[in-house]
Protein chains: 2
Amino acid sequence: MKLVFLGTGGSYPSKERNLACVALKMMNGEVILFDCAEGTQRQMMFTSISFMQVKCILLSHFHGDHFLGLPGLVQTMYLNERKDPLDIYGPPKTVRRIEGLLGTGHFNPTFALRVHDLEGGQIVERDGYKIRATWANHGVPDMAYSVEEDTRPGKFDKPKALELGIPEGPLFGKLQRGETVTVKGEKFTPEMVMGPARKGRKVVYTGDTAPCDAVLELAQNADALIHDSTGGTDIEAKMNEWGHTSSRQAAEIAKKANVKLLFLTHISPRYREEDSKTLLDDAKAIFPQTYLAKDFYEHNIPYPE
Amino acid sequence: MKLVFLGTGGSYPSKERNLACVALKMMNGEVILFDCAEGTQRQMMFTSISFMQVKCILLSHFHGDHFLGLPGLVQTMYLNERKDPLDIYGPPKTVRRIEGLLGTGHFNPTFALRVHDLEGGQIVERDGYKIRATWANHGVPDMAYSVEEDTRPGKFDKPKALELGIPEGPLFGKLQRGETVTVKGEKFTPEMVMGPARKGRKVVYTGDTAPCDAVLELAQNADALIHDSTGGTDIEAKMNEWGHTSSRQAAEIAKKANVKLLFLTHISPRYREEDSKTLLDDAKAIFPQTYLAKDFYEHNIPYPE
C-alpha cells in the first residue's frame, strides 16, 4: 500500500501545490483516489500512478477544489478507450451532481461510470478491502473515508509442517492458499500449519473538516491518517468556524485516535513553503510521526508487524 | 496587445502541454481568454496574467479539453472576492451549459457572471474592441473568434500645428484627444492637425476546426492567427475527418488569408517535443512567419505600421 499525494493545497492552487487529491495504491495495483481536484489527471503524469489503474474515486464533498478534475479525467479515460468500469462514491446527491457535470459537455462513454450516493456510517465491501464513510463537519455535506484491507492469512509455520511429515515443495503453497492436502493417506488442513489471520492496514482520509467526534472514531488505530490541516494556530478559531482544522488540532486527533502516521494536507495558499514548516513543528510537538504532505510525495504504509 | 499561451495541447494534457487556453492582453490591461481548459487558473500563476484582469472568456466549444477550467477559475475569483462582472461567450446553449456546470458544486457568487449564447456571424461591441464569431467545422457546435481593436486616432502632425500658429504645450494634447482649441480667437479642429485614423489590430482564434471557408474569411488580414494544428501530414486525412487541421494546412490558410503571424496550437499529445519540430517545419515551408506555440510562450502583436 502506497500513498501518492497528487494535490496538497486548499481553496485555490499555488505554484507549489495543486488542489485536493490523494492516490492510494493497493497491493493488487488498483488505485483509489481520495477527491479529484482540477488538474489531477496531469499531476498523475509526474508520478508512478496511471489513470487507467484508478478503479474507485471517493469524493468528500462538492466544493470546487475537491471534484473539478473528475470530468477531465473521465474524458481522458474515454479518449484512451478504457473498458473497465469506474466507481465513484460520495455524499447524497453525488449521482445527480456527476450526471449534471458530465451533461455540460460532449462526452462519449467507452466504459461504465457507476456513481453511488453514500450515507454516513455506510460500509462498501470491495474486492480485497472495505470502505467506510462517516459524516465530517464542514458546513456542506462532507464525508470522511476509511479504506481497510481484508485480513491476510496467518504466517506459515514451516517447522511445524515438516514435523507433521509434510514434504517441502508444492504442498506448502497449497496449504498457504487455504487448501487441504493429503500425505500418505493422511489429511492436513491449513489451520494445522498457519498462524492466526493477520490484520490488514487502514487508511483514513478526512476531506475538509473541523475537528469532530465522528472522524476521531473513524480514525481509531489507523495505519495512516490524512487530515485537513488548512492552517496554523494563528487562525485556528476562524478555521474551525469555516469547517477546517489546524495542524496542532490534527496532531491531537492523531494522538487520541492512536494512529501510526499522520499526514497533514489541504494547506492554505496563504502559507509559503517556509511558513508551512511552522504547521509541521506545531503538529510534531504533539504527534512526532507527522508528515506535511507536498505534491508528488509518496509514502509506503508498512504492515503493522 | 500580447498573446500568452496558457495551454497548447489537444485532447488530453502531457507533461509539456496543458490544454487549450490562450490569453490576449489588451492595451488597457484587460485580458480576454480564448477557451479555458482544466488547469488554466494554475497555468496563469506561472505567467504575467492575473485572473482578476480577465474580463471576457470566449469558448469555442464544449469538448472537455476546452472549458473544464472555467468553474475552478470562477470559484477562485469568488474566493478572492472579485466584484467586477465577467462575460462568457460561446455557441448556442452556452448559458444552459454553464448554469449546469456551476450547479454541480457549492459556488458562492461575489460578482455577476454574464453568459451569452452567440450565433455564427454575430458581432459583439465591447469597450475598445469588437468580437466577431464564426462557425468553425468540428462535428459539434464550435466557434472561431476574431478580436478587432477599434481604430486609433491618426498621427499628430506637429510641424503643421506649429505652422498654423498653435503653441507647443497642453493644446497639443487636447487636439490629440479630439478636442477643438482656440488660439488668439481662432478655432482649430483636430482634423486640421491629425492624420487619418489608424487601423487597430486583429487577432483570430480558430478553436478546433477542419479547414473551412468561414474561418478563412474570418482570418483575412489578421495580425495574428492562432490555428488548430493538431498534427502533421502523416495523419492529415484522419484529422480532417475528426474536425482538425494539420500544420501544413494551417500554413496554407494563413497564406491565403494574408495574415501577418501564424501560431500553431492544440498539438496532439502523440507528438513529443522533438517530433513537433516537423509540424513547424512543414508549416514554415509554406508560411515563414509561423510559430509553434508552447505553454507560457508570450508574443507581442505589433501595430501594422
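Yes or no: residue B:15 surrounded by fewer than 16 Cβ atoms within 10 Å (Cβ to Cβ), charged (D, E, K, R) and within 22 Å of residue B:270 (Cα to Cα)? Considered against the rule, which asks whether it is surrounded by fewer than 16 Cβ atoms within 10 Å (Cβ to Cβ), charged (D, E, K, R) and within 22 Å of residue B:270 (Cα to Cα), residue B:15 comes out as yes. Scanning the range A:89-104 for residues that are of a type in the set (Val, Ile, Thr), touching a strand residue (DSSP E or B) at 6+ places or on another chain (Cβ under 6 Å) and either surrounded by fewer than 21 Cβ atoms within 10 Å (Cβ to Cβ) or under 24 Å from residue B:140 (Cβ atoms) (or both) yields A:95, A:98. If you go through the range B:45-58 and keep only what is more than 11 Å from the chain's Cα centre (by Cα), within 24 Å of residue B:127 (Cα to Cα) and modelled with pLDDT of 95 or more, you end up with B:53, B:54, B:55.
For residue A:47, the conditions (1) surrounded by 22 or more Cβ atoms within 10 Å (Cβ to Cβ); (2) out of contact with any His (no Cβ under 6 Å at 6 or more places or on another chain) are fulfilled apart from (1).
Conditions (1) within 17 Å of the chain's Cα centre (by Cα); (2) surrounded by fewer than 24 Cβ atoms within 10 Å (Cβ to Cβ); (3) more than 10 Å from chain B (Cβ to nearest Cβ), marked per residue:
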residue	(1), (2), (3)
A:36	yes, no, yes
A:63	no, no, no
A:106	no, yes, no
A:129	yes, no, yes
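The condition of being of a type in the set (Val, Ile, Thr) and within 23 Å of residue A:109 (Cβ to Cβ) holds for only one of B:98, B:88, B:123, B:57, that being B:98. The set of residues in the range A:18-32 being open to solvent by 30 Å² or more (accessible area, probe 1.4 Å) and touching a residue at least 40 places away in the same chain (Cβ under 8 Å) consists of A:27, A:28. Looking only at the range B:144-174, which residues are more than 30 Å from residue B:253 (Cα to Cα) and part of a loop (DSSP other than H, G, I, E, B)? Listed by number, the residues that qualify are B:153, B:154, B:155, B:157, B:164, B:165, B:166, B:167, B:168, B:169.
Residue B:200 passes every criterion in (1) over 27 Å from residue B:138 (Cα atoms); (2) part of a loop (DSSP other than H, G, I, E, B); (3) open to solvent by 40 Å² or more (accessible area, probe 1.4 Å) apart from (3).
The residues in the range A:74-85 that are surrounded by 19 or more Cβ atoms within 10 Å (Cβ to Cβ) and more than 9 Å from chain B (Cβ to nearest Cβ) can be counted, and the count is 1. In the range A:254-301, the qualifying residues are those that are of a type in the set (Val, Ile, Thr) and open to solvent by 20 Å² or more (accessible area, probe 1.4 Å), and the one that is nearest to residue A:65 (Cα to Cα) is A:278.
Per the listing A:132, A:177, A:152, the residue uniquely at pLDDT below 95, within 30 Å of residue A:216 (Cα to Cα) and not hydrophobic (A, V, I, L, M, F, W, C) is A:152. For the range A:245-278, residues that are within 20 Å of residue A:6 (Cβ to Cβ), under 22 Å from the mean Cα position of the chain (by Cα) and not in a strand (DSSP E or B) total 4. Scanning the range B:108-127 for residues that are within 28 Å of residue B:228 (Cβ to Cβ), surrounded by 12 or more Cβ atoms within 10 Å (Cβ to Cβ) and in contact (Cβ under 8 Å) with a residue 12 or more places away in the chain turns up B:113, B:114, B:115, B:116, B:117, B:118, B:120, B:124, B:126.
Within the range B:203-217, can one find any residue that is open to solvent by 10 Å² or more (accessible area, probe 1.4 Å), in a loop (DSSP other than H, G, I, E, B) and assigned by TED's automatic domain parsing to the domain that holds residue B:27? Checked against the condition, which is being open to solvent by 10 Å² or more (accessible area, probe 1.4 Å), in a loop (DSSP other than H, G, I, E, B) and assigned by TED's automatic domain parsing to the domain that holds residue B:27, the range B:203-217 yields at least one hit.
Considering B:94, B:110, the condition of being at pLDDT below 95, more than 26 Å from residue A:90 (Cα to Cα) and of a type in the set (S, T, N, Q) is satisfied by B:110 alone. Looking only at residues in the range A:1-32 that are touching a helix residue (DSSP H, G or I) at 6+ places or on another chain (Cβ under 7 Å) and among the aliphatic types (A, V, I, L, M), the one that is farthest from residue A:148 (Cα to Cα) is A:19. Has the range A:73-89 got at least one residue that is acidic (Asp, Glu), touching a Phe, Trp or Tyr at 6+ places or on another chain (Cβ under 7 Å) and modelled with pLDDT of 95 or more? Taking every residue of the range A:73-89 in turn, at least one turns out to be acidic (Asp, Glu), touching a Phe, Trp or Tyr at 6+ places or on another chain (Cβ under 7 Å) and modelled with pLDDT of 95 or more. Evaluated against (1) surrounded by fewer than 17 Cβ atoms within 10 Å (Cβ to Cβ); (2) on the phi < 0 side of the Ramachandran plot, residue A:178 falls short on exactly one condition, (2).
The values are calculated or read from the model by the stated rules, or taken from the named source; none is laboratory data. Here the structure is a predicted model, which is why all the values come from computation and not from measurement. Please note: Cβ atoms are built from the backbone with ideal geometry, for glycine as well, and neighbour counts cover all protein chains shown. To get the accessible areas, we keep the full protein, side chains included, count just its heavy atoms, and leave off ligands, DNA and RNA. Shrake-Rupley method; radii C 1.70, N 1.55, O 1.52, S 1.80 Å.
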